[in-house]
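Input: a single structure, listed below in structure tokens.
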């Protein structure tokens with residue numbers, strides 16, 4: 001049995017940032033994650049927007065946190081050495097009803113001092129972003145909106161937590177939680193953990209994890225969603241985040257110029273689905289919306305479509321909950337249940353919030369040795385030629401390009417594996433390899449060989465994303 | 001560093017262009033390729049059908065590669081393998097990267113012979129999950145023939161172009177079960193020769209007017225939904241491997257945005273996708289002779 005002051009359950013963005021912030025105190029922390037890597041659920045697939053904060057009701061935790069988190073975001077990303085693009089956003093309307101919605105959001109934003117907000121005419125919006133539909137009647141411009149790669153951020157946070165003493169346990173699925181005289185006892189399919197306090201950040205399963213010991217007043221009703229990614233070469237890509245507020249009040253639409261240079265389009269909406277499977281209807285919806293909002297966009301440059309699942313918090317009676325829910329069913333036990341948009345924006349703030357509550361309960365003093373800085377994997381792409389030449393001189397592996405679409409070198413892949421990547425997807429998430437237009441058809445086999453060699457396992461044991469996803473041999477057969 | 005003629009890509013077209021340029025009198029040629037061995041994709045093409053035009057006989061990809069690299073060795077063409085061209089600039093410089101470092105190279109003429117890349121499944125709006133066990137045909141060919149890897153047992157081929165047909169046979173010869181070749185058009189997309197050689201002897205079904213509308217499987221692919229395009233009817237087809245032959249796209253990434261400068265020439269599949277290597281080679285020879293003649297000493 002392993003003993004800790006506090007165990008964080010769930011290695012999504014929330015769990016990773018909770019662990020990071022708990023390290024600011026003198027606490028012995030464990031982060032346990034069911035999967036083979038962190039950030040594989042809600043954090044893996046979402047809209048990747050760092051919101052400016054005009055969307056939420058003033059005075060609520062969500063509204064205050066979003067504005068504060070946005071203001072701090074560049075600093076956070078600098079600390080964690082993660083690319084952040086503050087590209088600004090334009091929320092569009094194409095009619096009177098949506099114009100009114102935008103005016104409300106504008107007023108809302110002003111009352112919360114969201115910086116730089118401007119209400120633009122359709123003409124002004126098209127001046128700023130010529131690729132927009134001619135039908136735009138007004139737009140809300142928010143220069144502080146931005147985008148970050150969600151999994152890159154979460155991985156950075158967990159690396160920083162680990163460097164500050166947190167222990168990470170992957171492949172540990174929680175089976176049971178019990179109350180003990182000293183606190184709690186958590187059983188996983190591999191280990192038993194004893195701890196004084198528990199922070200449940202189990203994402204889509206947070207309600208069920210709480211119910212292992214306590215009733216939950218909040219239940220998660222998952223929503224599926226579909227997204228498309230266009231290649232960076234696609235013509236007429238917008239340079240701002242484009243958000244479309246439909247006149248009929250239906251599901252909005254986003255086009256996000258990602259930090260990688262591709263364009264993310266979506267989401268569609270599918271109610272009540274805990275299913276990471278793309279729907280044809282969803283793809284059609286996103287394509288139709290994209291063609292309407294950005295008529296010149298070349299949808300033929302599609303390189304990937306993927307599905308996301310969002311945890312919608314609902315009360316027992318089925319009514320939805322607009323605010324962030326942090327339950328505290330018993331002393332020393334907290335659950336973040338149904339944290340969705342803007343969970344990415346607020347991940348560090350939520351982590352701090354939960355960590356402070358836990359630290360107060362555990363009477364933990366500040367950790368003077370906490371270092372908030374983390375260095376990312378040094379990327380060849382984006383270096384000046386002089387820097388890149390120096391990188392190759394100090395490590396010849398920087399001279400060997402493995403993923404030619406995204407310009408990722410062998411040195412980066414080896415460093416990702418050294419930092420704990422054990423699957424193709426884990427390497428992809430840490431380096432960006434396979435994310436380009438060929439989607440790994442030219443480099444996946446090289447990554448497979450490097451993983452097998454570095455991990456000391458046969459090639460047919462290497463997986464895409466955990467047991468059961470073996471790349472070779474047709475996978476595991478029952479016979 | 002300087003070179004008169006830089007050729008990017010040491011596949012069939014790049015080598016042919018280099019040989020022709022040398023024969024035309026150019027004596028300062030650098031041929032670069034990111035792979036560790038010359039020949040481009042030829043070494044992974046174990047089937048026969050190369051060199052009929054040049055050598056009057058049908059050779060396998062590796063045999064053909066041996067012939068042309070042998071000829072190359074008798075010239076003064078410098079070959080830089082394991083070398084990535086990171087950038088080509090409008091001022092006729094290129095940045096090359098290998099394990100020894102970065103090199104800035106000035107050239108007079110550039111022949112791009114970078115071949116093509118395969119359209120991946122990601123470019124199709126296919127529903128379902130994104131499991132392991134999906135390969136492009138060229139990728140499957142490389143993994144099986146150069147790396148000796150076993151990809152799967154129950155194989156579905158999406159796309160009946162030549163590469164799809166060739167891979168269908170290859171899986172059968174490796175002792176695997178090829179369930180079918182899926183083709184959205186009303187007839188097979190590959191050459192009659194390949195249907196005769198790769199499909200008919202093994203009785204592999206080609207299912208025309210069908211497509212994969214969804215992919216199933218959590219970790220590894222366990223099947224697809226096959227849609228009949230005329231009736232709209234769907235059926236579930238179990239498989240553990242999906243090989244996609246969705247077409248080839250000329251790879252001109254390196255010169256994107258450079259326009260059409262008078263020092264740039266395209267040869268082989270990066271110019272247009274050729275059905276046969278012989279045809280890509282013939283085109284590259286014409287380009288090589290012309291450019292080599294201009295630079296002849």
(request) Among the candidates B:51, B:133, single out the residue that is within 14 Å of another protein chain (Cβ to nearest Cβ) and more than 15 Å from the chain's Cα centre (by Cα). (result) B:133
(request) With the condition kept exactly as written, say whether any residue in region A:411-432 is free of Cβ contacts under 8 Å to residues at least 40 places away in the same chain, within 10 Å of chain B (Cβ to nearest Cβ) and within 26 Å of residue A:301 (Cβ to Cβ). (result) no
(message) When you check residue A:196 against the structure, is it farther than 21 Å from residue A:22 by Cβ, at pLDDT 95 or above and surrounded by fewer than 23 Cβ atoms within 10 Å (Cβ to Cβ), yes or no?
(response) no
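If you go through region B:113-129 one residue at a time, how many are within 7 Å of chain A (Cβ to nearest Cβ) and under 16 Å from residue B:226 (Cα atoms)?
Quick first cut of region B:113-129, residues within 7 Å of chain A (Cβ to nearest Cβ) only: B:117-118, B:120, B:122-123, B:125, B:127-129.
Keeping just the survivors that are under 16 Å from residue B:226 (Cα atoms) gives B:125, B:127-129.
Number of matching residues: 4.
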(message) Condition first: more than 10 Å from the chain's Cα centre (by Cα) and crowded, with 22+ Cβ neighbours inside 10 Å. Now tell me which residues in region A:39-61 satisfy that.
(response) A:50, A:51, A:52, A:53, A:54, A:56
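Let's see how each residue does on (1) within 10 Å of chain A (Cβ to nearest Cβ); (2) closer than 17 Å to residue A:279 by Cβ:
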position	(1), (2)
B:189	no, no
B:196	no, no
B:200	no, no
B:212	no, yes
B:215	yes, yes
B:226	no, no
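Being buried (at least 22 other Cβ atoms within 10 Å of the Cβ), in contact with a strand residue (DSSP E or B) (Cβ under 6 Å, 6 or more places away or on another chain), away from chain B (no Cβ under 14 Å) and under 30 Å from residue B:216 (Cα atoms): is that true of residue A:282 here?
Numbers: buried (at least 22 other Cβ atoms within 10 Å of the Cβ): yes; in contact with a strand residue (DSSP E or B) (Cβ under 6 Å, 6 or more places away or on another chain): yes; away from chain B (no Cβ under 14 Å): no; under 30 Å from residue B:216 (Cα atoms): yes.
In short, no.
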(request) Output the residues belonging to region A:439-457 that are more than 11 Å from chain B (Cβ to nearest Cβ) and either without any contact (Cβ under 8 Å) to a residue 24 or more places away in the chain or within 25 Å of the chain's Cα centre (by Cα) (or both). (result) A:447, A:451, A:453, A:456, A:457
(message) Please verify whether residue B:75 is within 23 Å of residue A:404 (Cα to Cα) and more than 18 Å from the chain's Cα centre (by Cα), treating the condition exactly as stated.
(response) no
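Of all residues in region A:388-423, how many are part of a helix (DSSP H, G or I) and over 30 Å from residue A:171 (Cβ atoms)? Before the answer, list the steps.
Going through region A:388-423, the residues part of a helix (DSSP H, G or I) turn out to be A:388-394, A:396-399, A:410-418.
With the extra rule that they be over 30 Å from residue A:171 (Cβ atoms), the set shrinks to A:388-394, A:396, A:398-399.
Total satisfying the criteria: 10.
Quick test for you: out of A:225, A:233, pick the one residue that is within 14 Å of chain B (Cβ to nearest Cβ) and assigned to a loop (DSSP other than H, G, I, E, B).
Details: A:225 fails: assigned to a loop (DSSP other than H, G, I, E, B).
After applying the criteria, what remains is A:233.
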(request) Looking only at region B:44-65, count how many residues are surrounded by 22 or more Cβ atoms within 10 Å (Cβ to Cβ) and under 18 Å from residue B:251 (Cβ atoms). (result) 1
(request) Return the pairs, sorted by first residue and then second, in which the second residue is surrounded by 17 or more Cβ atoms within 10 Å (Cβ to Cβ), the first residue lies in region B:279-297 and is at positive phi, the beta carbons are less than 6 Å apart, and the residues are 6+ apart or on different chains. (result) none
(request) Have a look at B:21, B:17, B:12 and point out the one that is surrounded by 19 or more Cβ atoms within 10 Å (Cβ to Cβ) and either within 14 Å of another protein chain (Cβ to nearest Cβ) or under 16 Å from the mean Cα position of the chain (by Cα) (or both). (result) B:12
(request) Six or more apart or on different chains, Cβ under 6 Å: which pairs go from a residue in region B:77-92 that's within 11 Å of chain A (Cβ to nearest Cβ) and closer than 26 Å to residue B:296 by Cβ to one that's in a strand (DSSP E or B) and modelled with pLDDT under 95? Could you list them? (result) none
(request) Please indicate, with yes or no, whether at least one residue in region A:124-144 is closer than 22 Å to residue A:13 by Cα and in contact (Cβ under 8 Å) with a residue 40 or more places away in the chain. (result) yes
(request) Go through region B:139-155 and give me each residue that's at the interface with chain A (Cβ under 7 Å from one of its Cβ atoms) and either closer than 16 Å to residue B:41 by Cα or out of contact with any strand residue (DSSP E or B) (no Cβ under 8 Å at 6 or more places or on another chain) (or both). (result) B:139, B:142, B:143, B:147, B:149, B:150
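The values are calculated or read from the model by the stated rules, or taken from the named source; none is laboratory data. Just so we're clear, the structure is a prediction, and the values are computed from it rather than from any experiment. Because the Cβ atoms are built from the backbone with ideal geometry, glycine has one as well, and the counts that use them run over all protein chains shown.
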